[in-house]
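Presented below is the structure to which this report refers.
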Amino acid sequence: DPAVLSDFAAYRSNDEEASAMIKAVYEQTGYIMDPHTACGAVAWEKSGKPANAVLLSTASPFKFPLTIINALEIKVADEREAFQKLAELTPVHPALANIYEKELKPKTVTEIQDVFSELLKFQGGGN
């Protein structure tokens, strides 16, 4: 229905645009947005910045520490250092505060044809 479709629009952004948005918003407001939200903000700009728009942040920037720190043009050696630098810029959730000191638990790598039987084992219903 053309009337319904007239209420919708679609836009895209690339990595460079999202990184520039992360940096610009941080420099202007001190807020560190995640890359998904940055893509939404780029789309909002491309749409003409309507006043009746809602931009909902979808993830923690701590899910993407290296992406965020690179967007802010801060030099780091690795993702762990990026996480530490990010924690200096914005509060980190207590559940993540010591993430790099936690023990790694082994994970099972499963072939696609064995996924269902592995799920049954995980649930206690398989051999």
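The values are calculated or read from the model by the stated rules, or taken from the named source; none is laboratory data. The shown structure was predicted, so the numbers you read here are calculated from the model rather than taken from an experiment. Methodologically, a virtual Cβ is constructed for each residue, glycine included, from the backbone with ideal geometry; neighbour enumeration extends over all protein chains shown. For the accessible areas, the whole protein counts, side chains as well, though only heavy atoms, and no ligand, DNA or RNA atoms are used. Shrake-Rupley method; radii C 1.70, N 1.55, O 1.52, S 1.80 Å.
In the stretch 55-72, the count of residues that are within 30 Å of Ala10 (Cβ to Cβ), out of contact with any helix residue (DSSP H, G or I) (no Cβ under 7 Å at 6 or more places or on another chain), free of Cβ contacts under 8 Å to residues at least 24 places away in the same chain and loosely packed, with under 11 Cβ neighbours inside 10 Å is one or more.
You will find that of Glu45, Glu88, Glu16, Glu27, the residue that is outside any loop (DSSP other than H, G, I, E, B) and under 17 Å from the mean Cα position of the chain (by Cα) is Glu16 and no other. The single condition from (1) open to solvent by 50 Å² or more (accessible area, probe 1.4 Å); (2) closer than 27 Å to Phe83 by Cα; (3) out of contact with any helix residue (DSSP H, G or I) (no Cβ under 6 Å at 6 or more places or on another chain); (4) not basic (Lys, Arg) that Glu17 fails is (3).
Answer yes or no: is there a residue in the stretch 88-105 that is more than 30 Å from Ser19 (Cβ to Cβ) and open to solvent by 60 Å² or more (accessible area, probe 1.4 Å). Yes, because at least one residue in the stretch 88-105 is more than 30 Å from Ser19 (Cβ to Cβ) and open to solvent by 60 Å² or more (accessible area, probe 1.4 Å). Somewhere in the stretch 91-101, is a residue in a helix (DSSP H, G or I) and under 18 Å from the mean Cα position of the chain (by Cα)? Within the stretch 91-101, one or more residues are in a helix (DSSP H, G or I) and under 18 Å from the mean Cα position of the chain (by Cα).
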